[in-house]
Structures are given as structure tokens and as C-alpha cells.
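Nothing in this text is a laboratory measurement; each read-out follows from the coordinates by a stated rule. None of the values given here were measured: they were computed from a predicted structure. Here Cβ is always computed from backbone atoms with ideal geometry, including for glycine, and neighbour counts include all displayed protein chains.
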Amino acid sequence: MQKPEYYDKLIRNVPDFPKKGIQFKDITTLIKDPKGLENAVNDLADSFKGEKVDKVLGIESRGFVFSTGIALKIGKGVILARKPGKLPAKTERAEYSLEYGKDSIEVHVDAISKGDRVLVIDDLLATGGTFLAAAQLVEKLGGVVAGIGCVIELTGSLHGRDQLKNYKVVSLVQIPVHE
């Protein structure tokens, strides 16, 4: 397992994106580094080694990168959680709050079978809303959340982990944020 400082060095900070005052954590610098990507996938997968996992759900879009790698490593399939209207078959939707409104994600209704243990993956945990919506979708479709994993967790004033207290949450690097 790599130390948090290893990942912190591979993540680019982009000031004032997408709006003034936001310090965007850009993982494209981590995933373009083959060893950085391999280590992130391996460390996230290894963090859930003791859990029974049937499928890995990736949240659009950066979560797809890590969920696919983890699924390949553990020999499981991938479920895509996408923005509304992007999946071609029948979907189920969950809504979540943003600072400036609401958004939602969808998964195919046939992606999760009753009792499937699903690992939910994205690149970043901030307020926890997207992860919570994904977990609710898993449970609504009869699945069980095997765990929640991400590369970056923004800690401090956002309290994202607090929304996810019913789940095992793993992050590779924790970055304090103050409003």
C-alpha cells in the first residue's frame, strides 16, 4: 500500500476550476502515470480484499477508470452509473444535492441482481452525495454495498464521510478543505 503522500504528489491542483475559489483535484496526472494508475487500482482493490464482491460500480466518469481496473484485478464485472439519459436500456435513478442544485445518476435495472455485493468506486469523495445516491441505487435494486472506495477524500468542512457512515469507506489520500 502506497502512502498518501505518494498519491498527493501525482494529483494536480487546478485553482479556480470550475469556478473561482475552487481548488480542483485533477487525477489525470495520476492516471497518465502507468505506475500511479497501477498502484491506485491495486491499493483500492487490496483495501477490500476481505469483502465478498460480485460487481464493481463506477460512477461517471472518472470512477470508470478505477472501477474497471479493480474489476479486472478481482475478476468481476463493471456496472456504469451515468448521468440521466446516457444508458440505453431501462434504468433506475437516484437524485443527490449539489452546492448549486440537484443532479442524478442512473444504472440499468438489470445490472444488479438480488443479493449482489457491489463495490462502489469513484475518484473523489467530497460531500458524499454522489456516493450516497449510488449506494441507494444498489440497495433499491436488491444489492448490498460491499464498500465505497476513492482515490481522494476531501476532509474538513464538507463532511462527506458522515453521509456514508453505514458503509466501509476507503480513500487513498485525504486532503483537508476549509470553507
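From largest to smallest, what semi-axes in whole angstrom does region 31-79 give when each is the square root of 5 times an eigenvalue of its alpha carbon gyration tensor? Intermediate values should be presented prior to the final figure.
Details: eigenvalues 57, 37, 12 Å².
Those come to 17, 14, 8 Å.
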Taking every DSSP beta bridge with both residues inside the chain, roughly what % is antiparallel (nearest 5)? 35 percent
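Restricting to Cα pairs below 8 Å that are 6+ residues apart, what does the relative contact order work out to for region 1-82? Please round to a whole percent.
Numbers: 94 pairs, mean separation 17.6, N = 82.
RCO, region 1-82: 21 percent.
Percent antiparallel among DSSP beta bridges with both residues in region 87-157, to the nearest 5? Please list the in-between numbers first.
Values: 8 of 16 bridges.
Taking every DSSP beta bridge with both residues in region 87-157, the antiparallel ones total about 50 percent.
What does the highest-first list of 43-50, 147-154, 122-129 look like by mean Cβ count within 10 Å? All intermediate terms of the calculation are to be shown ahead of the outcome.
Details: 43-50: 16.6, 147-154: 24.2, 122-129: 22.0.
So the peptides 43-50, 147-154, 122-129, ranked by packing, come out 147-154, 122-129, 43-50.
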Measuring from centroid to centroid over Cα atoms, what is the spacing of region 14-77 and region 120-179 in Å? 13 Å
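May I ask you to derive the relative contact order of the chain, considering only C-alpha pairs under 8 Å and at least 6 residues apart, and to give it as an integer percent?
Values: 363 pairs, mean separation 33.7, N = 179.
This gives 19 percent for the chain.
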Separation of the D8 and K165 label points, Cα + 7 Å toward Cβ, nm: 2.7 nm
Which shape class, rounded, prolate or oblate, goes with region 62-141 when its Cα gyration tensor gives a ≥ b ≥ c as root eigenvalues, a/c under 1.5 marks rounded, and past that a/b bigger than b/c marks prolate? oblate
Could you give the spread of the C-alpha atoms of the chain along their three principal axes, from largest to smallest, in whole angstroms? 41, 36, 30
